[in-house]
Structures are given as C-alpha cells and as structure tokens.
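To keep things clear, I will list the structure first and then write my remarks on it.
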Amino acid sequence: MFRGFDVSDKGQKKQKVVFVGGYGRSGSTIIDLLLNRVPGVIAVGEFRHLFGRALTDNELCSCGHKFRDCPFWKKIIKEAFPDGYDAERIQRAVRHFNRLAMLPKIRREDRLSADEQADAKLYREAFAAAYRAVAKVSGAEVIVDSTKYPMHGWFLSTMPEIDLSVMLLVRDPRAVAYSWQRKRLRPEIWWEEREMPRYSLARSALAWDVSNRLTAELEPFAADYRVQRYEDFIADPAGELADIASFVLGRTVELPADLFDRQPHLPHTIAGNPVRIGSEHVKVKEDNEWKHMPAAGRLLISGLSAPQMVQYDYPLIKT
C-alpha cells in the first residue's frame, strides 16, 4: 500500500518532526504561519486530521483551495501513496489510538490485540509516508505538526521512522477557556455555515490541565523539548520566534528581515484558527478580552488549574 517509501528500511534517514502539544486556542496557528516563512521549516497545521477533515471531508486548505484540489497537497498525496490509500481505515486507526484510554497501551505493543497491532502498523506507515512526502515535495528539513492533541504526539513517539522533538505551547488558561466560549464560524467548512465548538469554563480548564501534562510527559521520549508561553511570544514576537525557529531547526537561526511583512505565498495548513485562511498577512497582537470575564469564572479556572498555573508562571489572581 505504501510503496512510495519503505518505512521498514532501517538505513533510511529519520524524518525530523516537531510536535506542538498543549490545548487548543493557545496560539499555535499564528506561530505556524510565521514558522512556515523560516527557510528549512514547513508547518502543516493539525496533521492528525490529514485522513479525516482534509482528505475525507475535503475542508479548505489555508491557501483557500478545497483540500483535494490543492496543487501542493495533490503532489504530497501522489508522492506518499502512489498505489492509493484507504482513508477511512487509516482514520479509524487514528481515532482508536487518539483516545486517553489507549495511553497505558500505546508504548507497549505487547498489550495490543492483533487488530490493534494491525491498526498501529497502518497508522505508523501512513504517517511516515506522509511526513516524508511533505519533506520531499517542500524541500524542508523539519516538519512542524501542531496537532496539539497529546495522544497523536504519544503515537509519534513510538515511530522509529521519526526524529521527534516536542514543544509544549501554553497560554493562560483563563484566556483559553474564554476563547472556547466565543462564537466563531469555521470558514474551512465551505459547504455550509457551521460554528466552532464551544465549551464550558470548567471543561476547558480541565482539558488544559490534561493536555499540558500529557505533552510534558513526552519529554523523556523526545530528542529535544521546549516549553513556550504564548504570552512571551506576544511580548517579543521576533525574539521568541527566533528562539522557536532555532529549537525547531536545531541550530541558531536569524529570521528573514521581511518575515513579519505581508507575503504573497500562502501556507498549506490543516485545521486550526480561522485566521489561517488566506493568511498573506499575519497579525501578532495581544488579546486581553478575557480579563473582562466575571470574577467567579476566573476563580473557577484558577481553582481547577492552580498547580500548572504556578508551574508555568501564571498568577492565580489577576486584575
């Protein structure tokens, strides 16, 4: 099925992938769009959705094309899967392993059933082929996968074909929880008008806790690991982005002089914040609207997320 790449070839060079973990609404889309302008880097957005939202649902790529019509992704898929692929079966395997219940088994193949071992092999081969095709077609050294959902990162940590680094992206949980309550349309859903999901403050705070902790626990299995606070990036975009790019590429990086200017070439990312669609110009600005949240809501989130708020230097009481 995956004759385009022999993923079992132990002599084949590993593909470097940086997994960005954490919880949604933490700013990964903005950082993706800017990292994509750094020579040697390609950011693909939330890559675990490749066989679902992208290839099956045919949502819009960030360039504005329907995914299956996007010239860039058409080259990727042809390169990765010259003999075709079973998107439904691959996506079923992804869904199975992207569950918290799989965490005790995901790094223990001896605990997997025969069917699960077959699904794991399919998941591994499909994504190894896709990552390598992205690198080959784009010419990039490093792929940034901002899936964020930690179970995909845990699965990547089991793949010998990948040289995995992990960046935990955190943002004040009060800002994150407030953002998840906003009404926002999903422009990538071109066939109907559909809003992004909205969650309660408590659910968002608990999901922030779990996502951050599971991403942090990937550190022993990663070649390199970094914690990035979104607030630090907003305070010094150029300085922090240079540090992030240096982490991604594994060497000191000097950013292109025009990196923050309007760019004519659109990136090709999957899922993420709606600002990614038609993103010739990337605006980096502070969003403090969450500070108008009622005090009871802020206290609820602080109470649920206090240990990690302290760990990542967020004051528990903020005026």
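The values are calculated or read from the model by the stated rules, or taken from the named source; none is laboratory data. Remember, it's a predicted structure, so these values are computed and weren't measured experimentally. Cβ atoms come from the backbone with ideal geometry, glycine included; neighbour counts cover every protein chain shown.
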Review point. Within the stretch 187-196, restricting attention to residues that are in a loop (DSSP other than H, G, I, E, B) and in contact (Cβ under 8 Å) with a residue 12 or more places away in the chain, which residue is farthest from the chain's Cα centre (by Cα)?
Key: Trp190
Review point. For residues in the stretch 145-184 being surrounded by 23 or more Cβ atoms within 10 Å (Cβ to Cβ) and of a type in the set (S, T, N, Q), which is nearest to Asp232 (Cα to Cα)?
Key: Ser146
Revision key, fill the gap. Within the stretch 134-170, residues being more than 23 Å from Glu195 (Cα to Cα) and outside any strand (DSSP E or B) number 20
Practice item. Kindly indicate the residue of the stretch 284-319 that is acidic (Asp, Glu) and more than 30 Å from Asp57 (Cβ to Cβ) and also modelled with the highest pLDDT among those meeting that condition. Key: Asp313
Exercise for review: Answer with yes or no whether Pro256 is in contact (Cβ under 8 Å) with a residue 24 or more places away in the chain and in contact with a strand residue (DSSP E or B) (Cβ under 7 Å, 6 or more places away or on another chain).
Suggested key: no
Practice item. Please indicate, with yes or no, whether at least one residue in the stretch 178-186 is in a helix (DSSP H, G or I), closer than 18 Å to Phe47 by Cβ and more than 17 Å from the chain's Cα centre (by Cα). Key: no
Practice item. Kindly establish whether Leu34 is modelled with pLDDT of 95 or more, assigned to a helix (DSSP H, G or I) and more than 30 Å from Asp258 (Cβ to Cβ). Key: no
Review point. Does the stretch 74-81 include one or more residues that are under 17 Å from the mean Cα position of the chain (by Cα), modelled with pLDDT of 95 or more and farther than 22 Å from Arg276 by Cβ?
Key: no
**Study point:** Subset of the stretch 123-144 that is hydrophobic (A, V, I, L, M, F, W, C) and touching an Asp or Glu at 6+ places or on another chain (Cβ under 8 Å) - its residue that is surrounded by the most Cβ atoms within 10 Å (Cβ to Cβ)
**Key:** Val144
**Study point:** Residue selected from the stretch 284-319 under the condition assigned to a loop (DSSP other than H, G, I, E, B) and either in contact with a Leu (Cβ under 6 Å, 6 or more places away or on another chain) or of a type in the set (Phe, Trp, Tyr) (or both), by the criterion surrounded by the fewest Cβ atoms within 10 Å (Cβ to Cβ)
**Key:** Tyr312
Review point. Taking the condition over 25 Å from Ser179 (Cβ atoms), out of contact with any strand residue (DSSP E or B) (no Cβ under 8 Å at 6 or more places or on another chain) and outside any helix (DSSP H, G or I), does Pro82 pass?
Key: yes
**Study point:** Cβ-Cβ under 7 Å pairs, at least 6 apart or on other chains, the stretch 167-182 side at pLDDT 95 or above, far side buried (at least 24 other Cβ atoms within 10 Å of the Cβ) and aromatic (Phe, Trp, Tyr)
**Key:** Pro173/Trp208; Val176/Tyr23; Val176/Trp208
Review point. Any residue at all in the stretch 263-283 that is crowded, with 20+ Cβ neighbours inside 10 Å, among the polar types (S, T, N, Q), modelled with pLDDT of 95 or more and assigned to a loop (DSSP other than H, G, I, E, B)?
Key: yes
**Study point:** Considering residues of the stretch 45-60 that are over 29 Å from Glu289 (Cα atoms) and in contact with a strand residue (DSSP E or B) (Cβ under 9 Å, 6 or more places away or on another chain) only, the residue surrounded by the fewest Cβ atoms within 10 Å (Cβ to Cβ)
**Key:** Asn58
Exercise for review: Could you look through the stretch 215-233, keep only residues that are within 15 Å of Tyr312 (Cβ to Cβ) and of a type in the set (A, V, I, L, M, F, W, C), and pick out the one that is farthest from the chain's Cα centre (by Cα)?
Suggested key: Phe233
Review point. For Ala295, are the conditions met, namely being without any contact (Cβ under 8 Å) to a residue 60 or more places away in the chain and over 23 Å from Leu34 (Cα atoms)?
Key: yes
